[in-house]
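Structure, as structure tokens:
The values are calculated or read from the model by the stated rules, or taken from the named source; none is laboratory data. This one's a predicted model, so the numbers in the text were calculated from it and none came from an experiment. Here the Cβ is made from the backbone with ideal geometry for all residues, glycine too, and neighbour counts use every protein chain on show. The area values use the complete protein model at the heavy-atom level, side chains included, leaving out ligands, DNA and RNA. Shrake-Rupley method; radii C 1.70, N 1.55, O 1.52, S 1.80 Å.
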Amino acid sequence: MTLITVLGLGYVGLPVAVLFASSSFKVVGVDVDEKRVEAVRAGTCYISEPDLNKLLKDAVSEGLLIATVNGVEAVKDSDAVIIAVNTPIKENGSIDYSQLMSALQTVRKSLHEGLLVVIESTLIPGTMVNVVKPFLEESGLKAEKDFYLAHVPERIAPGRALEELRNAPKVIGGIGPESSKKAYELYSRINKNLYVTDATTAEFTKLIENTFRDINIAYANLLALMAEKIGVDVHEAIKLANTHPRVNIHLPGAGVGGPCLTKDPYMLSSVAGDVYGRELIQIARKINDYMPLHMVELILKAIKEEGLEGESVKIAVLGTAYKSGVNDTRASPAEKIIKELSKKGFSVTAYDPYTDETFGAETANSLEDAVRDADIVVIVTDHKEFKSADWSRIGALMKHKIIVDGRRVIEPHAAIGMGFHYYGVGFGRLARA
Ligand code: SAJ
């Protein structure tokens, strides 16, 4: 039976480990965090993903998935090792490879003939060839000859991990043809939709996907800011523009969060050197990073126009997760919005049906609790629970019926029809009339 070690049991590593274990592999999950290891051993899932809980429980009870903090021992007996650790961005904008290097150190200590080493973590183009390969070859073993090395970048969107691991196309970037072949064989057991290339192209591919999305969202956000100036409704304009068969403008909003789109464009631009036009990537990031502050501007505008200045304004923030349907709050626009509002001395309450994180705001236990006596409701995340909420009841609970909608959760004219004063990203004044 093929034995796989997965290094890093986070948002990517845990679903990967569980899926391989439920596809009849024997999997050892390794994490430096003992709490995670204990949780997996107990069959408890600490990540909210559809079906993951049950598959994990089954895999553990069948003995197909075990967990340990001892990576060196685990790799010793393995046929393949998959590295799924974080490669986060540092304060100064550079990429922190410390977790990756420590995982590679673990692998190098137990590197042996025939081992396939796969890295799913996101990498700066050139890392596999210039960093990973020489580092592992210091063991005396040669890649492509004694062991195999491939980059198989993770592509899963939180909230759809298992489904995407099984069905979303996956790029296999071997350091050479033998490595690609071995990685292809392994991944074809869980996913039939595989595309083979070289390691550097795979690294580049991963980054250009997320940067494409970030730039597209930035364009939508820029249009939203312009629409507010011109007075039109950006959502209506985008809908109309998208009727063109070759146009697909993304959605503007309260900001771009999550661990990927906020980081990968920086990783990509780090290899741009002096290429003409490289600023495109950075300016898109800047626009998207500005959107939470624009939300605060809209809130201040509402306070002024509604004559609430000088009063102790109570604001209810709906949604702290970085996107709809997940409990993940990493780099969520809500953090910036809440901190900025609290700094200004407003009384801020936050509610999210998926997470308890409130970034220092007062915690509400229900939507009703959050909006009761509030002057302004601020919608940051487009959770389905907010879309289907009874907005006339919400209005009845509020002190002032003012909405600042960052995600077009409510149709503005429906809200206005219910007596709300509606402010929204990209919703211009003429559109209101
Ligand atoms: N957002 C907008 N407007 C849009 C779409 C999204 O403002 O039109 C916002 C969301 O609200 C969220 C942020 O962007 O705050 C990011 O959400 P997302 O759904 O675009 O992406 P992620 O970060 O959850 O996952 C992305 C995915 N990449 C692409 O779609 C190209 C996923 O497939 C990757 O695996 C993941 O990054 C990753 O781990 O790299």
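Kindly identify segment 48-154 as rounded, prolate or oblate by the Cα gyration tensor criterion: order the square roots of the eigenvalues as a ≥ b ≥ c, call it rounded if a/c is under 1.5, otherwise compare a/b with b/c, prolate if a/b is larger, else oblate. Present the calculation step by step, with values, prior to reporting the outcome.
Details: a/c = 2.09, a/b = 1.22, b/c = 1.71.
Verdict is oblate for segment 48-154.
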| query | By accessible area of protein heavy atoms, probe 1.4 Å, what ranking do 328, 58 get, highest first? | reply | 58, 328
| said: To check you understand DSSP bridge types, tell me what percent of the beta bridges within segment 3-197 (both residues inside) are antiparallel, rounded to 5. | reply: 10 percent
| Gap separating the Cα centres of segment 215-263 and segment 371-402, nearest whole Å | 24 Å
| Dipole-positive endmost among 30, 321, 202 within the chain (Cβ charges, Cα centre) | 202
| query | Helix 177-187: angle to the longest alpha-carbon principal axis of the chain, degrees 0 to 90, nearest 10? | reply | 60 degrees
| request: Could you point to the residue in 216, 80, 92 farthest towards the positive end of the chain's charge dipole, with +1 and -1 charges on the Cβ of Lys/Arg and Asp/Glu respectively? | output: 216
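Given Cβ point charges of +1 (Lys, Arg) and -1 (Asp, Glu) and nothing else, what value in debye, to the nearest 20, does the dipole of segment 244-297 about its Cα centre take?
140 debye
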| To the nearest 10 degrees, how steep is helix 199-230 against the longest Cα principal axis of the chain, on a 0 to 90 scale? | 0 degrees
| Positive-end residue, segment 121-180 charge dipole about Cα centroid, Cβ charges, pick of 173, 140, 158 | 158
| request: At 0.36 nm per residue, minus the direct Cα-Cα distance, what do residue 248 and residue 130 gain on full extension? Give it in nm, one decimal, please. | output: 38.7 nm
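Need one number for the chain: average projected area of the convex hull over its C-alpha atoms, nm². Please report the intermediate quantities before stating the final value.
Working: hull surface 89.1 nm².
Here the figure is 22.3 nm², rounded to one decimal.
Quick one: divide the alpha-carbon radius of gyration of segment 3-197 by 2.2 N^0.38 Å and tell me what you get.
On the way: Rg = 15.5 Å, N = 195, 2.2 N^0.38 = 16.3 Å.
Output field value: 0.95.
Do any GluC sites (Glu not before Pro) in segment 246-310 lie in a DSSP loop with no more than 15 other beta carbon atoms within 10 Å, and if so, which? Numbers along the way, then the final one.
Values: sites: 279, 297, 305, 306, 309; in loops: 306, 309.
Passing both the DSSP loop test and the Cβ count: 309.
How big is the dipole moment of the chain about its Cα centre under a simple scheme where the beta carbon of each Lys and Arg is +1, that of each Asp and Glu is -1, and everything else is neutral? Debye, nearest 20, please. Write out the running numbers ahead of the final one.
Working: 49 positive and 56 negative charges, 136 e Å.
Its charge dipole is roughly 660 debye.
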| message | Quick check of the Kirkwood formula: for segment 190-347, what is the inverse mean of 1/r over all pairs of different Cα atoms, in Å? | response | 17.9 Å
| Ratio of the Cα radius of gyration of segment 234-432 to 2.2 N^0.38 Å, where N counts its residues | 1.06
| field | Cleavage-rule hits (GluC sites (Glu not before Pro)) in segment 38-140: DSSP loop, at most 16 neighbouring Cβ within 10 angstrom | value | 62, 91, 113, 138
| Among the lysines, which fall within straight-line cross-link reach of residue 26, defined as a Cα-Cα distance under 18 Å, with same-chain neighbours fewer than 8 residues apart omitted? | 54, 57, 76, 182
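Given the rule -39500 (n - 2.57) for each run of at least 4 DSSP H residues, summed and divided by the residues of the chain, what is its mean residue ellipticity at 222 nm, to the nearest 500 deg cm²/dmol? Write out the running numbers ahead of the final one.
Working: 18 runs with 178 residues, N = 433.
Only helices count here, giving -12000 deg cm²/dmol.
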| request: Could you check what % of the DSSP bridge pairs in the chain are antiparallel, to the nearest 5? | output: 10 percent
| request: Working from Cα positions, state the angle (0 to 90°, nearest 10) between the long axis of helix 333-343 and the longest principal axis of the chain. | output: 50 degrees
| Quick one, what does Rg over Rh come out to for segment 1-108 if you take C-alpha atoms and the Kirkwood Rh? | 0.98
| query | Counting other Cβ atoms within 10 Å, which chymotrypsin sites (Phe, Trp or Tyr not before Pro) in segment 44-139 have at most 10 and lie in a DSSP loop? | reply | none
